[in-house]
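The values are calculated or read from the model by the stated rules, or taken from the named source; none is laboratory data. Note that the structure is predicted; figures quoted are calculated from it, not measured. No Cβ is skipped: glycine too gets one built from the backbone with ideal geometry, and neighbour counts run over all protein chains shown. The accessibility values were calculated without ligands, DNA or RNA, using every heavy atom of the protein model including side chains. Shrake-Rupley method; radii C 1.70, N 1.55, O 1.52, S 1.80 Å.
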Amino acid sequence: MAAMNASAEAIVQGLDDAQLAAATTLRGPVRIIAGAGAGKTRTVTRRIAYACASGAWDPARTLAVTFSVKAAAEMRSRLASLGVGEQVTASTFHAAALHQLRQVWPDICEAPFPHVIREPGHAIDQCMRRVLGTDQFGDAEVRAVLAEINWCKVSLIAPSDYPRVCAATHRQPPAGMEVDRLVDVMQEYERVKTSHGEIDFNDILLLTCHILDDFPEEAAHIRAAIGWLTVDEYQDVSPLQHRLMGLWLNGNRDVCVVGDPAQTIYSFAGASSYDLLGFASEFAPLSADIDLGIDYRSTPQVVGCANRVLSAAANREDYLKLTAARQGGARVSRTVYDDDDEEARGVAMRIARMVSQGAVPDDFAVLTRINAQHRVVCRALREQDLHYRVRRDAGWQHSALEDEGAGPDQAQSQARQEALEQIGAGAQQGTQQGVTLSTIHAAKGLEFKHVFIIGCSEGLLPFSSPSPGEQLEEERRLMYVGVTRAEDTLHLSYARRKDSSGGIARVPSRFL
């Protein structure tokens with residue numbers, strides 16, 4: 001046992017005081033508020049490994065859930081390097097729930113296990129044609145209706161309740177549809193899936209909740225495999241995921257949640273920092289409530305910029321103020337260009353110059369607020385003979401089942417559009433390396449030595465120049481996420497006009 005303890009102690013060596021406190025509090029509810037660059041994954045994986053190596057936890061009954069396949073794979077890789085990778089389950093919410101469903105399905109249903117629908121956009125398109133009696137709508141409308149259906153599911157809103165929710169919150173259905181017509185489309189979509197023996201992405205979680213609620217023996221079987229639960233990116237949980245987590249626990253208080261309210265940027269998809277901020281009340285008393293506020297990633301100049309972005313937030317008290325661990329660094333550059341073409345060329349030339357001086361293209365990212373900003377940047381990068389790869393805003397949860405071989409595809413039109421855009425980029429996609437061109441949403445969780453955030457003007461960032469309120473605060477958090485992707489240098493810019501033909505003059509973003 002002494003050898004085991006020595007091995008366990010080695011796992012937590014090198015952690016700072018706050019990280020160590022988080023990693024060694026192994027019983028009861030624990031909340032970790034982890035700022036950008038504060039070593040969140042390092043702390044969480046060492047906590048799990050330490051608990052297993054010390055004998056406090058049974059690795060086979062340890063579950064860690066996060067939101068993307070990439071994050072889950074990173075967690076598994078780190079746990080493996082710490083000696084517990086094979087036994088601990090680290091996966092996405094959806095992959096974990098799908099595995100549980102498959103285990104208990106034969107005991108509750110004689111029908112074959114349903115297929116996870118691979119083209120929900122195609123199914124929605126067909127349902128809209130039948131219900132509306134027309135095909136006078138485009139791919140964008142189909143995607144908007146699909147997004148609304150997904151929002152209802154993750155918000156635990158049944159189709160029959162949708163009209164009441166719209167009336168109470170003044171929510172407008174997408175694609176100019178009447179509320180009742182959208183309800184008809186929702187119900188037709190559910191009917192079609194059932195008749196084809198299919199479920200969609202969020203049905204996986206809804207079905208798992210149903211089994212945990214209504215099938216005691218199967219629920220006990222599922223819960224027996226979850227002795228210790230860790231939930232990463234807890235600021236992004238939807239009401240549906242929070243419901244599933246509560247049913248997994250069923251009174252078990254050995255749960256650790258990790259997140260950062262300042263990085264809540266998916267409210268449009270049902271995510272909310274409400275549960276992270278309310279965790280101390282929901283699970284009182286906590287065994288530990290720890291802030292990780294030392295940023296080991298970025299220079300003091302980048303950290304200072306990030307803190308300034310949040311300093312004007314209406315709910316500033318909910319956010320950590322970061323402290324930089326690094327010393328020195330370059331000032332944050334701010335550049336104004338005449339139009340979008342000049343901005344794209346200026347950024348591409350700057351990257352090319354730094355590459356010619358020895359920098360590596362992989363270390364650069366150009367971040368945008370929306371996908372539509374990419375094309376002009378692609379052209380400018382090609383002119384400089386710079387390889388690049390595009391990360392689009394493509395449905396932030398859609399990769400969460402890739403490790404189960406059942407991830408739902410997007411609407412075919414979206415796939416076609418992406419294919420065309422990436423062909424236009426030359427053979428620089430997939431696993432090829434180069435400058436990363438990404439929306440800020442799609443860059444969350446990544447980091448780069450050199451970051452260029454373009455389009456820092458009112459109307460683009462913040463998008464649509466919202467009045468004070470939650471929409472503006474979401475845009476502020478998005479800017480914060482963009483800024484904190486930078487390790488060594490940060491370059492902010494905007495163009496006075498869209499193009500040389502004139503048009504409306506832009507003004508700098510209030511976040512600058």
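A simple rule links phi to the HN-Hα coupling: the Karplus curve 6.51 cos²θ - 1.76 cosθ + 1.60 with θ = phi - 60°, which for the stretch 68-80 gives 10, 4, 4, 5, 5, 5, 4, 5, 4, 5, 5, 5, 4 Hz, with x for Gly and Pro.
In a fully extended conformation the segment linking S155 and T41 would gain 38.3 nm over its present Cα-Cα distance, using 0.36 nm per residue. Only Lys, Arg, Asp and Glu carry charge here, each on its Cβ (+1 for the first two, -1 for the last two); on that basis the chain has a dipole of about 1520 debye about its Cα centre.
Each peptide in 493-503, 361-371 was scored by the mean count of other Cβ atoms within 10 Å over its residues; highest first, the order is 361-371, 493-503. The residue list V258, I32, F364 was ranked by how far each Cα lies along the charge dipole of the chain toward its positive end, using unit charges on Cβ atoms, and F364 comes out on top.
Sorting the segments 451-459, 131-139, 274-282 by their mean number of nearby beta carbons within 10 angstrom, highest to lowest, gives 451-459, 274-282, 131-139. Taking label positions 7 Å along the Cα-Cβ direction at both S81 and F215, the computed distance is 3.9 nm, reported to one decimal. For K444, a cut-off of 20 angstrom between C-alpha atoms picks up these lysines, skipping any fewer than 8 places away in its own chain: K40, K70, K321. Once you reduce the stretch 206-285 and the stretch 487-512 to the center of their Cα atoms, the two points are 40 Å from each other. Placing unit charges on each Cβ (+1 for Lys and Arg, -1 for Asp and Glu) gives the chain a dipole about its Cα centre, and among Q433, A56, I204 the Cα reaching farthest toward its positive end belongs to Q433. Dimensions of the chain along the principal axes, based on C-alpha atoms and rounded to the nearest Å, stand at 69, 69, 44, largest first. Less than 5 angstrom separates the built amide H of D295 from those of T323, A324, A325, all sequence-distant by 5 or more or on a different chain.
Over 10 Å intervals from 0, what percent of Cα-Cα pairs in the stretch 118-196 sits in each interval? P(r) for the stretch 118-196, in whole percents per bin: 19, 57, 23, 1. In this structure, the amide hydrogen of R334, modeled 1.01 Å from its nitrogen in the peptide plane, lies closer than 5 angstrom to those of L492, counting only residues at least 5 positions away or on a different chain. In the complete set of protein chains, residue-level accessible area for K153 is approximately 20 Å², probe 1.4 angstrom. As a test, work out the antiparallel percent of DSSP beta bridges whose residues both lie in the chain, rounded to the nearest 5. Counting DSSP beta bridges with both partners in the chain, the antiparallel share is about 5 percent. Converting phi to 3J(HN,Hα) with the Karplus coefficients 6.51, -1.76 and 1.60 and the offset θ = phi - 60°, the stretch 102-119 yields 5, 5, 9, 3, x, 7, 10, 8, 7, 6, x, 5, x, 7, 7, 4, 8, 9 Hz in sequence order, with x at every glycine or proline. Close amide-amide hydrogen proximity is noted between T230 and L63, A64, V65, C256, each under 5 Å apart and 5 or more residues distant or on a separate chain (H modeled in the peptide plane; Pro and chain starts excluded). Here the Karplus curve 6.51 cos²θ - 1.76 cosθ + 1.60, taken at θ = phi - 60°, turns the phi angles of the stretch 225-231 into couplings of 8, 10, x, 9, 10, 10, 10 Hz, with x standing for Gly and Pro. In straight-distance terms, cross-link reach from K153 covers every one of the lysines whose alpha-carbon lies under 16 Å from its own, apart from those fewer than eight places away in the same chain; here that gives K193. From most to least packed by mean Cβ count within 10 Å, the peptides 213-220, 464-471, 199-206 give 199-206, 213-220, 464-471.
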